[in-house]
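The values are calculated or read from the model by the stated rules, or taken from the named source; none is laboratory data. None of the values given here were measured: they were computed from a predicted structure. With ideal geometry, Cβ positions are generated from the backbone for all residues, glycine too; neighbour counts draw on all protein chains shown. Only protein heavy atoms, including side chains, enter the accessible area calculation; ligands, DNA and RNA are left aside. Shrake-Rupley method; radii C 1.70, N 1.55, O 1.52, S 1.80 Å.
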Amino acid sequence: ANYPSDRYYGCACVDDILALWGAGATHGTKMHNTFDDLANLVEYDRVNPTNGPSAFEQLFQSAQYEDYHEKHYFLQFCQQFGIISGKRRFWRTELLFFNDVLHFSGMADGIVYEPETDSYIIIDWKRCKGGLIGDPKNPRKPVNQLSAASRGQGHPVFENLRNHNTNLYSCQLTLYKH
């Protein structure tokens with residue numbers, strides 16, 4: 001990488017690149033562990049109500065997470081997804097699954113139960129550097145004007161999709177759904 005804007009600018013060897021990747025993995029692991037803890041506490045509090053601050057509130061407001069801004073994304077998810085209101089509830093975190101007929105396996109970060117439809121929703125936490133919101137001052141080219149390497153992932157079915165994490169994760173979750 002020869003330009004300061006390149007992701008690997010300043011990397012002199014493979015170890016420097018591996019260190020960058022390791023830092024991203026560390027942040028992702030911290031987010032997953034935090035979200036697992038918070039999800040489990042939400043359910044603990046639902047089953048064990050108290051008159052004072054809940055276990056979730058205590059951990060959420062603790063010094064341990066004082067400067068950890070991603071906890072607010074978890075709270076926002078719970079509010080928007082109906083966890084806080086009781087419409088849905090966490091059923092399980094970190095669930096391994098396998099289907100010996102389809103030869104399909106994986107791990108779900110969370111499973112949410114929806115009593116109204118007696119159905120389950122697979123949750124897969126993702127952490128994206130820079131977030132998911134586009135910049136309106138810097139609009140993107142239409143997909144059909146992008147190079148082949150910037151769209152499609154080498155398969156005609158996907159040629160109208162940008163190659164970025166939001167689309168890749170959305171496809172992954174759709175596969176889980178079906």
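Observations
- Ligands, DNA and RNA are left out, and with a 1.4 angstrom probe the accessible area of segment 16-135 is 66 Å² per residue.
- The Cβ shell under 13 Å around residue 54 holds other residues with a net charge of -2, Lys and Arg each +1, Asp and Glu each -1.
- Between residue 85 and residue 47, the modelled label-to-label distance comes to 2.5 nm, taking each label 7 Å out from Cα in the direction of the beta carbon.
- Charge tally around residue 45: other residues with Cβ under 13 Å, Lys/Arg +1 each, Asp/Glu -1 each, net -1.
- Taking label points 7 Å from Cα along the Cα-to-Cβ direction, residue 3 and residue 19 give a separation of 2.5 nm.
- Shape category assigned to segment 1-114 from the gyration tensor of Cα positions, a/c cut at 1.5: oblate
- Rounded to the nearest 0.05, the FRET efficiency derived from the C-beta distance between residue 98 and residue 119 at R0 = 22 Å is 0.60.
- Aspartates and glutamates whose Cα lies under 17 Å from that of residue 71, excluding same-chain neighbours fewer than 8 positions away: 36, 37, 43, 57, 109, 124
- Here segment 70-118 and segment 21-68 have alpha carbon centers that stand 16 Å from each other.
- Mean separation of Cα pairs under 8 Å and 6 or more residues apart, divided by the residue count, gives segment 12-151 a relative contact order of 16 percent.
- With K and R counted +1 and D and E -1, the other residues having a Cβ less than 12 Å from that of residue 34 yield a net charge of -1.
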